[in-house]
Structures are given as C-alpha cells and as structure tokens.
1. What Rg and what Dmax come out for the stretch 146-199 when only alpha-carbon atoms are used, in angstroms?
2. Per residue, how much space in cubic angstrom lies within the convex hull of the C-alpha atoms of the stretch 267-345?
3. What is the diffusion coefficient of the chain in µm²/s, taking the Kirkwood radius over Cα pairs and the Stokes-Einstein relation at 10 °C with a viscosity of 1.306 mPa s?
4. For an R0 of 25 angstrom, estimate the FRET efficiency from the Cβ-Cβ distance between GLU321 and ASN148 and round to the nearest 0.05.
5. So for the pair SER88, ASN254, with labels modelled 7 Å out along Cα→Cβ, what separation do we get in nm?
6. Figure the gain on full extension for GLU290 and PHE274 (residue separation times 0.36 nm, minus the Cα-Cα span) and round it to one decimal in nm.
7. Of GLU100, GLU156, how do they rank once you tally other Cβ atoms within 10 Å and put the fewest first?
8. In a solvent-free Debye calculation with one equal scatterer on each Cα, what is log10 I(q)/I(0) for the stretch 154-234 at q = 0.12, 0.22, 0.25 Å⁻¹, listed in the order of the q values?
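Derivation of every value follows stated rules applied to the coordinates shown; laboratory data play no part. Just so it is clear, the model here is predicted, and its values are computed rather than measured. Glycine also receives a Cβ, built like all others from the backbone with ideal geometry; neighbour counts cover every protein chain displayed.
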Amino acid sequence: MKKRVLLLSTLVALTGVTQAQTWSFSDEATIGDAIQMFVVDSNAVNYSASTGSAQTWDYSQLGGYTSNDKVIDVLDASASQYASSFPSSALNMIIPGYMEMFYTANASEKQGQGFVLNIDGVGEAIIEFNTNNQHLMNYPMSLGSSLNDAFEGTLEIMGNPSPASGETWVEADGTGTLLLANSTSHTDVIRVKTIDTIYTSITVGVPMPVTIAREQYDYYKSGTSTFPLFSHSRFDVISAVYNVSFGVVLSSVNPSATVGIQDTKISETTFNIFPNPSNGNFTVSLPSTEDARIQIIDAVGNIVKTILPVSTETVVSLATEANGVYFVKASANGDSKTMKLIVRN
C-alpha cells in the first residue's frame, strides 16, 4: 500500500510539472486583464542559444529605466481607435508607446490580424494581415511545439498603404528557470520564440523594398500570470536607405538598479543578413568576430553549413541548395541572433 501511495504521489508530481511547462488557451489573458511591466535594459542578451529542457535564463542583474513602467492591457478590439483596420479581431493587446496587437484566440489556436508598431524615426506603421491571417500559436504549447506560417495583407506608413507579405516561425524552444531582479526565481517556465519577417515596399519618390524582421522571446508560467513574466523583443527595419534596430525588454519585476534614460534603439552594431530574400548569395553582418560562428539551418532543422567568420561582413553562398526558408544562426562575443532567410534562385 505504501508503495502504491508513493507511486501515485510521484505521478501526480510529474503531472504537475508537465502541466506547468505548457501554455494553453485557458492560460491566456482575456478582455480586461492587465499587468504592470517594467522596461529594462534594451541591450540585454536574448539567450537565443539557451534551448531545450532544464535551462536557466538569468536576468537578475539587469537594470531598469527610471519611472518607466508600462501597464499592458488586453481590451475589446472593437473599441480600439484602429477597429476599422482590424474588423475581425476580438482582442487588442496594448504595450504603450511601442505596439498594439490585434488577434483572436480559441481552444486550439491564436491568429493575428495585424498590429500597429511605432518605428523610431518613421512613426506609426499599421500592418494588416487582411488577406491571410498570421498564425501565432497552437494550443497547448509544450517543449518542441512549433509552427511555420505565411501571411499577407497591407502595411501603411505615413498614410501610404502597400501590399505586404511574410512568414512566421513560432517554437516553444526551452523550459526551465527564469531569474529576475530582487532574488525572484520562477521554475517550470516555458519559453516561446517568435521570428517573423514582413516584406513590403514604400514609395519615397520611387518604390523602395522594405523588410521588417521581429525576433521575440516570451517566458510563460501557467497558473502564475496570464501574461509573459519576461519578454525580450527586437525589430529590424531594413531598406536601401534606412536601417534601424529597436526593441523593448519587459520584466514583471521592477529592478532596483537603473540604467538611465530609456532608448529602444539597439546601441551597437547588430546582426543582420542582406539581401533577403536572396538568390542564394548573401552577406551576414556581425557586431564582432570574437567567438564568432554562423550556422545555416534548413526548415526541418538540419545544419546545412557552419562558418567561423574572420570578418564582420561574411559572404555566404547557398546557390547549390534548394529554394525555401532557411535560418541563419549567428553568434559573436557572447550574444547571438537567429534570422530567417528566404532563398529564391
């Protein structure tokens, strides 16, 4: 009898861990939910290489910005000032001064109809996936869950709408412990990585191709919060005459240390690939060659090529590889970034 009780207790404990390391529709924020988040150092590393189970993501030493908390709300999309742009959306998540996301969710999936983004030096961009929604998540998400999806619609900058299309990759890429400021530790956390790329063209005298790429890491804990406990996001806007990187790093814990005045720009030379889409020949830009490595990974996870670069501008050729989606994983000086590449020979 004692052995049976012990076995039952063990199974219950293991089941609890499994449930805690998933993210389901029932965990999601609903209309009226809100959380106070704190903007922390925008140059924080994203731990993109820390994947798999039993990870520890240590953000305990990050400083925050003075008087720069943000209340993130989930509201009824029909009440938004942008409601006419997103008529099929049910939910509107607002990160003040940065982004508004419009989406729907049900027991099996989350679908995005678009978002409004504040681009430094440009202003407001309204991105509508009104032809083909963006698939954001399948429920439940557990370690290894992933999806790849194409979306299509319009992008409006400075009152000028243009056709836009793109692809997204979402993966629950890690589980483990999240360390935040003030000795705050969260175990049984699941991290969801989102990488998406939007292709469009804006007219400034002449049409100019523009690529907007996002890389975001959200750390969730079921039963603790209906919002991520920590979120690290970054956007790269790339064109022939205008390139900017900006992002926001949000923590559910207010750090005691400060890092000065908030600036969403990424302060140093950053990882980049161009041109994208590519005919198979492209350049990878790195902030440094110290401990630098470039890996090219195909859509099913096979490593196609590994390069140890000796220059911050490294030319790579995939001209003999098949057309399609590849991921360029670049690392240097303790930081790394995974970027999506489209090859069209």
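1. 17.4, 48
2. Looking at the stretch 267-345, the number lands at 80 Å³ per residue.
3. The estimated diffusion coefficient comes to 75 µm²/s.
4. 0.90
5. Going by the 7 Å Cα→Cβ label model, 4.2 nm.
6. Here the answer is 3.6 nm.
7. Final ranking by Cβ density, sparse to dense: GLU156, GLU100.
8. -0.52, -0.96, -1.13
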